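Encoded as structure tokens, here's the structure I'll be asking about.
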Amino acid sequence: MPQATFHFPRGFLWGCATAAHQVEGNNTNNNWWKWEQDGRTNGKAGLACDWWGGRWKEDFDRAAEAGQNAHRLSVEWSRIQPAPDRWDEDALERYRAMLRGLKERGMTPMVTLHHFTDPLWLGEMGGWETEAVVPLFEKFVRKTVEALKEYCTLWCTVNEPNIYTLIGYVDGAFPPGKHDLRLSLIVQANMARAHAAAYRAIHAIQPEARVGYALHFRPMVPARPWFPLDRLERNLHFNAINMAFPSAILSGVMRSPVGRVRLPEVKGTQDYFGLNYYAQDTVTFDLSKAGELFGRRYYPEGSDVSDTRMVANIPEGFFEALKWIVRNYPNLPVIVTENGIEDVSDRIRPRYLAQHVHQMWRAVNFNWPVKGYFHWSLVDNFEWERGWTQRFGLWALDVETQKRTKRPSADLYAEICKENGLSSEMVKKYCPEVFEKMFPG
């Protein structure tokens, strides 16, 4: 039986990713709390994982004991700045304690400054629909970075600006629940302006900082490569979902199927590329989908899919995503800021994790500059409009008792982190069903 270990470079970051609203609990001053009160979510966050109550300590202990040397978390704007004219120093001190806790456990913090949530007062002022948000966000970033710079040099300005705008302003499932393609482009342009302002502010405060953003990237393939309309729809959907933000930072012009926005001040404002990859879509022409540019995205019949069919195990798409980044951003370091699957029974997660880490190792062996991997997520958390119906955690959470229960994939990830690599023995132990595929003959 073949035996091998796929090792990663020394200093590679291994960790998990979390977001403030999803784990802290009792975030009552932001737009998502109001969205929950209005009945727009499948249940309420409530205590979430009770990090604001201090349970981050036990979760960080679990991560450190499992060999993780990094953690990506976000801060909650509405806690730090509860009103336009007021800062909460106690909230900043709590975040300092969290980052100090990571450092004490030998873990590198990565801090995300905006992960989907906005203060209620910001929405009352027009939110991201007006350019007035840019100096407001920059002011918040300056205050936060000044307070946390002792413990962090790795910053993510905004998480998934494409998802924030598409689901909030086109699909309508995120706040503010609008359906306006052109407005979504305006919002995304303002997020790009705010990102660039934050990038420069952080570097002014901390010249050694590494600053980027996290993009939700969906590789796509035409259902019938020989059929021109399938290829056309693939390109339309690929550009609509993936390209607006990266095009702005690459060229200074934000491009989308509904228009272009010149943003010269945004060009080149990233020190690494943050990749959130979950799955790859197949795209076909469909006359019945007028509202989706006459295209339908789906997972092919027989795909290895999650409980709600939201995520499919398509590791080859992960490699294609990394390849796309390297081709378009040569020599820019890549950090995988999210990758994971919802799987309450831990039926798919072990093979999903092993196969995706293997594809990342393939990329590293092409000398592609992949520097770290953050699994989504450490513990089950509140999954936005889907509430508690999806379980992404390496540790399961009982929402009522706050009890954590380790899933088998947590042990697999611990072995990967401690080895700084993936071995044939690990695959044979945790997901033997894919052994022959990963270690043929």
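How long are the semi-axes of the equivalent ellipsoid of the range 138-256, defined as square roots of 5 times the Cα gyration tensor eigenvalues? Whole Å, largest first.
32, 16, 12
Now for a separate question. How much length is gained if the chain between Glu104 and Ile205 is pulled fully straight, taking 0.36 nm per residue apart and subtracting their Cα-Cα distance, in nm to one decimal?
That pair, Glu104 and Ile205, stretches by 34.0 nm at full extension.
In what sequence do Met125, Met438, Met110 fall when counting other Cβ within 10 Å, fewest first? Display every interim value, and only then the final one.
Numbers: Met125 13, Met438 19, Met110 27.
Ascending number of Cβ neighbours within 10 Å: Met125, Met438, Met110.
I need the GluC sites (Glu not before Pro) found in the range 285-368, filtered to DSSP loop residues with at most 15 other beta carbons within 10 Å of theirs. List each step's numbers first, then the result.
On the way: sites: Glu292, Glu301, Glu316, Glu320, Glu338, Glu342; in loops: Glu301, Glu342.
For GluC sites (Glu not before Pro) across the range 285-368 that sit outside H, G, I, E and B with at most 15 neighbouring Cβ atoms in 10 Å, the list reads Glu301.
Over 31 Å between Cα atoms, which of Lys323/Lys418; Lys267/Lys418; Lys57/Lys139; Lys371/Lys403 qualify?
Those over the limit are Lys267/Lys418; Lys371/Lys403.
Can you give the FRET efficiency to the nearest 0.05 for Asp38 and Lys323, using r as the Cβ-Cβ distance and R₀ = 56 Å?
On the way: r = 42 Å, r/R0 = 0.75.
Working from the Cβ atoms, E equals 0.85.
Let me ask something else about it. Using a cut-off of 14 Å between beta-carbons, work out the net charge of the residues near Val364 (Lys and Arg +1, Asp and Glu -1, Val364 not included).
Working: positive: Arg10, Lys323, Arg362, Lys371; negative: none.
Neighbourhood net charge equals +4.
I've got another one for you. Assuming 0.36 nm per residue, please report the length gained on full extension of the stretch Thr28 to Arg260 beyond their Cα-Cα distance.
Extra length available between Thr28 and Arg260 comes to 79.9 nm.
Shifting gears a bit: Counting only residues 5 or more places away or on other chains, whose amide H sits under 5 Å from the amide H of Thr108 once H atoms are built in the peptide plane?
Those lying under 5 Å, H to H, from Thr108 are Ala70, His71.
Considering the chain, what Rg and Dmax in Å follow from its alpha-carbon atoms?
Using the Cα atoms of the chain, the pair Rg, Dmax is 20.8, 66 Å.
Here's something else I'd like to know. Express the relative contact order of the range 137-279 as a whole percentage, based on alpha carbon pairs under 8 Å and six or more residues apart in sequence.
Relative contact order here is 27 percent.
Separate question: Report ³J(HN,Hα) in whole Hz for each residue of the range 429-441, in order, from the Karplus equation J = 6.51 cos²θ - 1.76 cosθ + 1.60 where θ = phi - 60°; Gly and Pro get x.
6, 9, 8, x, 5, 10, 4, 5, 5, 8, 10, x, x
Place a label point 7 angstrom from the Cα of Glu124 along the Cα-to-Cβ direction, then list the residues of the range 21-35 whose backbone nitrogen is under 17 Å away.
28-35
Can you tell me how the range 25-90 classifies by the Cα gyration tensor, rounded, prolate or oblate, using a/c under 1.5 as the rounded cut?
Oblate.
What Kirkwood Rh does the range 268-409 have if only Cα atoms enter the pairwise 1/r average? Answer in Å.
Averaging 1/r across every pair of different Cα atoms and inverting gives 16.7 Å.
If Lys and Arg each add +1 and Asp and Glu each add -1, what is the summed charge of the other residues whose beta carbon sits under 13 Å from the beta carbon of Ser424?
-1
Taking amide hydrogens as modeled 1.01 Å from N in the peptide plane, which residues meet the under 5 Å criterion relative to Gly295, leaving out close sequence neighbours?
When sequence neighbours closer than 5 places are left aside, the close amide H contacts are Asp286.
Do the sum for the chain: with -39,500 (n - 2.57) for every DSSP H run of n ≥ 4, divided by all residues, what is the mean residue ellipticity at 222 nm, to the nearest 500 deg cm²/dmol? Let's see the in-between values first.
Details: 16 runs with 165 residues, N = 441.
Calculated mean residue ellipticity at 222 nm is -11000 deg cm²/dmol.
Could you tell me which of rounded, prolate or oblate describes the range 342-441, using a ≥ b ≥ c as the square roots of the eigenvalues of the alpha-carbon gyration tensor, with rounded for a/c under 1.5 and, failing that, prolate when a/b is larger than b/c and oblate otherwise?
It is prolate, given that a/c is not under 1.5 and a/b is the larger ratio.
Where a number appears in this text, it was derived from the coordinates with a stated rule and is not lab data. Just so you know, these numbers come straight off a predicted model, no measurement behind them. All Cβ positions, even for glycine, are placed from backbone atoms using ideal geometry, and neighbour counts span all protein chains on display.
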